1. Of everything in the range 141-182, what is touching a residue at least 60 places away in the same chain (Cβ under 8 Å) and among the small types (Gly, Ala, Ser)? Give them in sequence order.
2. Does ALA217 satisfy the criteria of being among the hydrophobic types (A, V, I, L, M, F, W, C), in the same structural domain as TRP160 (by TED's automatic domain parsing), in a strand (DSSP E or B) and touching a Leu at 6+ places or on another chain (Cβ under 7 Å)?
3. Which ones in the range 78-98 are surrounded by 24 or more Cβ atoms within 10 Å (Cβ to Cβ) and charged (D, E, K, R)?
4. Could you tell me whether ILE75 is without any contact (Cβ under 8 Å) to a residue 24 or more places away in the chain, out of contact with any Cys (no Cβ under 6 Å at 6 or more places or on another chain) and either not acidic (Asp, Glu) or not assigned by TED's automatic domain parsing to the domain that holds ALA19 (or both)?
5. Filter the range 233-267 for residues that are more than 22 Å from the chain's Cα centre (by Cα) and on the phi > 0 side of the Ramachandran plot and give the result.
Amino acid sequence: MLECVVNISEGKDEDVLAALRDACGPDLLDLHCDPDHNRSVFTLVGEMAPRRLAQAAVATLDLNEHEGVHPRLGIVDVVPFISLDGIETDAVRARDAFAKWAGETLTLPCFTYGDHRSLPEVRREAFNGLAPDTGPNSPHPTAGACAVGARPLLVAYNVWLPGTCLEVAREVARSIRQPGLRALGLRVGDRTQVSMNLTEPANLGPEQAFDLVAGLATDHGCAVQGAELVGLIPATVLHTISPDRWEELDLGEECTIEWRIAHRSPN
């Protein structure tokens, strides 16, 4: 089974988000919307729902009107495929098929990432020495471009700090970056955030990430104001953490990929 975690550059318009959610059908496991990032994360299963979602987003949204604090290449910003069975070749095949389809059907430039290059590399180099793998060689006039990946499971996780702590959030993010942990310090609304991707969550998961941020932030005089799981978490990662900490860390059994698959609607 394939999971696909599509990041769409829209997090405010409830009518648009409802239409995009409907386009996903029963293959939608989770939807996380952030109006300050102006970004939504759709956690899907299979290969068809990502195509339906991408087609609806490109037809509806205009990158020229987008404002948000998160870096972005396009309306359908990131489309990573993950094999829940651990068969990497399945994810690579789905990635390449989606990129070919989006380039031809949506005339959307697609940059692939995975073992051959990382997502940060794509963000830095797209159209600046790096040509799209599929689609036109220039950005779509309203949809920009798309990064399409094949990757292992990761956990997207945020820790919140007070609004006066932006420089602290940036310093903390710089300090904690390491293999398995990507981090940015961002202002989000009236607060600040250490926004993280935990790319090796079995080795460094939400508990360790939270404690790293909390320890350094406290050293700089900034108290943590909460945590936020973006999307879902593998059950194997959740169950390494004491249930006594789940509420503090914004975790729970219903936040796991396995729970959502077991309880998904048949229609």
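1. ALA143, GLY144, ALA145, ALA147, GLY149, ALA150, ALA156
2. no
3. Correct list: ARG95 only.
4. Numbers: without any contact (Cβ under 8 Å) to a residue 24 or more places away in the chain: no; out of contact with any Cys (no Cβ under 6 Å at 6 or more places or on another chain): yes; either not acidic (Asp, Glu) or not assigned by TED's automatic domain parsing to the domain that holds ALA19 (or both): yes.
No; evaluated as a whole, the condition is false for this residue.
5. Matches in the range 233-267: none.
Results for (1) surrounded by fewer than 19 Cβ atoms within 10 Å (Cβ to Cβ); (2) acidic (Asp, Glu); (3) not assigned by TED's automatic domain parsing to the domain that holds THR236, shown as yes or no for each residue.
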residue	(1), (2), (3)
LEU108	no, no, yes
ARG117	yes, no, yes
ALA126	no, no, yes
LEU161	no, no, no
LEU166	yes, no, no
VAL172	no, no, no
GLN178	yes, no, no
ARG187	yes, no, no
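The values are calculated or read from the model by the stated rules, or taken from the named source; none is laboratory data. Here the structure is a predicted model, which is why all the values come from computation and not from measurement. A quick note on method: Cβ atoms are made from the backbone with ideal geometry, for glycine too, and the neighbour counts reach across all protein chains shown.
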